[in-house]
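Colleague: Please see the structure below; I have some questions.
The values are calculated or read from the model by the stated rules, or taken from the named source; none is laboratory data. Just so we're clear, the structure is a prediction, and the values are computed from it rather than from any experiment. Quick reminder, even Gly has a Cβ in these numbers, built from the backbone with ideal geometry, and neighbours come from all protein chains shown. When the accessible area is computed, the model is the full protein with side chains, heavy atoms only, and any ligands, DNA or RNA have been set aside. Shrake-Rupley method; radii C 1.70, N 1.55, O 1.52, S 1.80 Å.
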Amino acid sequence: MEDNNPRNRKRRPGLAGLAAKAARIRLYAIAAAVMLTIVSAAYLVRTCADDDVTVHVNDKIDATPTQVLKMKEIGEWEFLSIEDEEMIDTTRRRLFRNDELIRIYTGTLRLGIDLSEAKDDWVRLDGDTLRVTLPKVKLLDEDFIDEAKTQAFFESGTWSDQARDDMYHRAKAKMKARCLTKENIASAEDNALKQFFQMFKAMGYEHVEVRFDAQFQAN
């Protein structure tokens, strides 16, 4: 018997799970450090003439090796999370009756990039343009089914752990097929490009170019 009544919900692009929350905290720490650097680099020159005050601000900040390294140390950056629910059933035929097991699985698939896969020169200055090269967007965690939320919708007969494990992997395959679409991957890529562009613009770079590594894209 095939699967019935699948439902999925997409949430953009909030962080899911403790690992994602920890990554967000580290990201905030980096952002705070960047802003502190910007404030420290700003200087004021006051000319007291006819009660006029002239203020000159230097807001161009170099992306230092330390800042780039901290970004890579975060590792996984999530840009889209998708919640999905799948109903999986299986039937065992007997002489006088059939045994049936129906279970509902819930999972959250997180799409993003792993900066540990980026090249050493993923951030480089080319003339007056900062060029940023990101690794491909991918599923960040293969263990995306929340087994604590798995529900036994209907069960008759006795079922082995192997039978339940088979259903788990069927649910996992269906969630991947439903959620890892070209549209969702493109949405995560768009979020990644925008967020890295805005991050480096905030550092003071007027010309920023963000793209994905052709080597990864070809795979």
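Colleague: Contour minus end-to-end for R124 and Q195, with contour as 0.36 nm per residue of separation and end-to-end as the Cα-Cα distance? Walk me through the intermediate numbers first.
Modeller: On the way: separation 71, 0.36 × 71 = 25.56 nm, distance 1.75 nm.
Here the answer is 23.8 nm.
Colleague: Could you pull out the GluC sites (Glu not before Pro) across region 107-215 that fall in loop regions by DSSP (anything but H, G, I, E, B) with no more than 12 other Cβ atoms inside 10 Å?
Modeller: When the GluC sites (Glu not before Pro) of region 107-215 are filtered for loop state and at most 12 Cβ neighbours within 10 Å, E142, E206 remain.
Colleague: If you roll a 1.4 Å probe over region 144-219 with all protein chains in place, what percent of the accessible area is carbon or sulfur? The partial results should precede the final answer.
Modeller: Numbers: 2260 of 4580 Å².
Roughly 49 percent, rounded to a whole number.
Colleague: Next question, about the same structure. Test of understanding: extend the Cα→C-beta vector of E142 to 7 Å, then name every residue of region 89-115 with backbone N under 13 Å from that spot.
Modeller: none
Colleague: Between A173 and E117, what length in nm is gained on full extension when 0.36 nm per residue of separation is reduced by their alpha carbon distance?
Modeller: Computed gain between A173 and E117 is 17.6 nm.
Colleague: Something else now. Can you give the translational diffusion coefficient of region 122-217 in µm²/s, computed by Stokes-Einstein from the Kirkwood radius over Cα pairs at 20 °C and 1.002 mPa s? Present the calculation step by step, with values, prior to reporting the outcome.
Modeller: Working: Rh = 17.0 Å.
Reported coefficient: 126 µm²/s.
Colleague: Within 15 Å, Cβ to Cβ, of L134, how many net charges do the neighbouring residues add up to if Lys/Arg are +1 and Asp/Glu are -1?
Modeller: Taking every other residue near L134 into account, the sum is -2.
Colleague: Would you mind pulling out the separation of the Cα centroids of region 103-129 and region 167-195, in Å?
Modeller: 14 Å
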